[in-house]
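Bear in mind these aren't lab numbers, they're just calculated from the coordinates by the rules spelled out. None of these values were measured; they are calculated from a predicted model. Don't worry about glycine lacking a Cβ; one is built from the backbone with ideal geometry, like all the others, and counts go over all protein chains shown.
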Amino acid sequence: MNRSRSSCDKKAPQPPVTRLTRSFSSQTRHSDPAELQDSGPSPYGKQRKKQTDSALAQDLSQMSVSGQDGVPTSKGKMSKGPQPSGSRSQGGLASVSRLLKLGRCKNVVVVAGAGISTASGIPDFRTPGTGLYANLEKYNIPYPEAIFNIDYFSNDPQPFFSLAKVLYPGGHRPNYIHYFIRMLHHKGLLLRMYTQNIDGLEKVCGIPDAKLVEAHGSFATASCHLCYTTYPAEEAKVAIINDNVPICTFCAATVKPDVVFFGEDLPQKYFLHSQDFPKADLLIIMGTSLQIEPFASLVNTVRSTVPRLLLNRCAVGPFEKVPLRRGDHMELGDLKVTVRRFAEMLGWSDEIKELMRSQETVSIPTLVSSSPSVSGPTPGQNTSNSLMSRGASQPLGRMETSRSRPGAQRAANSGSEETDSETDSKSTASSSPSD
Ligand code: CNA
């Protein structure tokens, strides 16, 4: 183990970086910039002109309106229907499938959360009964968010380390939902996947690094929570699994996996959103409560004419608003069931099954490393404006109390875009599917 001070000294001086920190959403945050775009100058300037793809617009105008009277929301309430614009059930899935089959959507952005991994046996945060927040007695913390609070961690890392043992890659397999997203990539349709998950299952199922933004970090690297000196991730894992505390070789503070805590900076790769979301022609939101900022507001940064499809157990974020935006669709229910139906509609079922079968004999890596392969904005380039300057997303105080993570830049700024065929052949599908 390299415990010498030189590991810190070796760090190259880091250029100034744009910083966005992880925080909770306020329920009023969803000023929808995409909705504003047609009435004035927009952060994306001329590219956000009125939809020129008249065929797409026509397609959207033909989408069905479901007659459901109400749907569960994230607060457990029923929202009032019927919906005059978007659709909430089967019709929406069919409409989006049709757009994909017609070749109208070739730059699909996927936004995902813990709900895509519950089928792999990893509890999410907020599902009543099974979510981690409902089962916190064993972590002995005063409030659920303490588990990802950096100050709390500083005093007592054990609650997070207990959770880390559950979440560490190696013990779980990707499921059908992960492979569906992999298939989107395989078909050359995935512009990028933005995940809040830290379980590494996207990489395990073979979604290449270039197509993936792990917005809340991962266990693939580790560093000191105080001075950010890097620490071998495998050694940190061994220590944590064995109920030991990994200690920084430079300042003797506690080392933690590079999972983004509240108040910490998001990885620089996250800023690819400023290129990707204006380019997207379909947004699929899966298995997230859209409660964590700034991630949650991403869904509001696609062009207003771009269809957005929510696949979740309940309505969340802008999908709780009635009426739904034109072009918004949601399919509520168990995600795996929904995604299987989606795959059937697209005619992808056999290919996904085949893909999953081909992974059955491959062992799961215990740490899924990140090879930096996507060029982000140059450090210091102010890409955060697209979210921050909208006023509703982030009180400035949260930024001021944030912590800069020099290590966070490491993974973001090297390499270049790879073609789909290149990335697919390079990707490391390395685990048996969970089912
Ligand atoms: P969340 O707040 O727990 O929301 C999950 C959402 O998914 C909820 O709306 C659920 O209703 C929905 N959901 C769960 N299971 C299903 C299912 N089978 N079918 C349909 N819908 C389902 O989690 P978020 O991801 O929104 O919150 C962000 C946090 C959670 C991130 O910062 C993660 O780091 C953190 N987290 C990650 C993991 C993981 O990596 N697997 C696990 C737990 C928490």
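With label points built 7 Å along Cα→Cβ from the Cα atoms of TYR143 and ILE247, find their separation and express it in nm.
Rounded to a tenth, the inter-label distance reads 3.3 nm.
Between CYS227 and VAL337, what length in nm is gained on full extension when 0.36 nm per residue of separation is reduced by their alpha carbon distance?
Gain in length upon complete extension: 35.1 nm.
Contour minus end-to-end for GLN158 and GLN275, with contour as 0.36 nm per residue of separation and end-to-end as the Cα-Cα distance?
38.3 nm
Subtracting the Cα-Cα distance from 0.36 nm times the residue separation, let me have the gained length for GLU354 to LEU102 in nm, one decimal.
That works out to 88.3 nm of additional length.
By average Cβ neighbour count within 10 Å, what is the ranking of 332-338, 223-229 from highest down?
Top of the packing list down: 223-229, 332-338.
Place the peptides 243-249, 209-215 in order of packing, highest mean first, counting for every residue the other Cβ atoms within 10 Å and averaging per peptide.
Averaged packing, sorted descending, gives the order 209-215, 243-249.
First obtain the Kirkwood hydrodynamic radius of segment 94-144 from its Cα pairs, then insert it into the Stokes-Einstein equation at 10 °C and 1.306 mPa s, and state the resulting D in µm² per second as a whole number.
Using the Kirkwood radius from Cα pairs, D works out to 115 µm²/s.
Let me know the number of lysine pairs in segment 98-210 closer than 29 Å at the Cα, not counting same-chain pairs under 8 apart.
7
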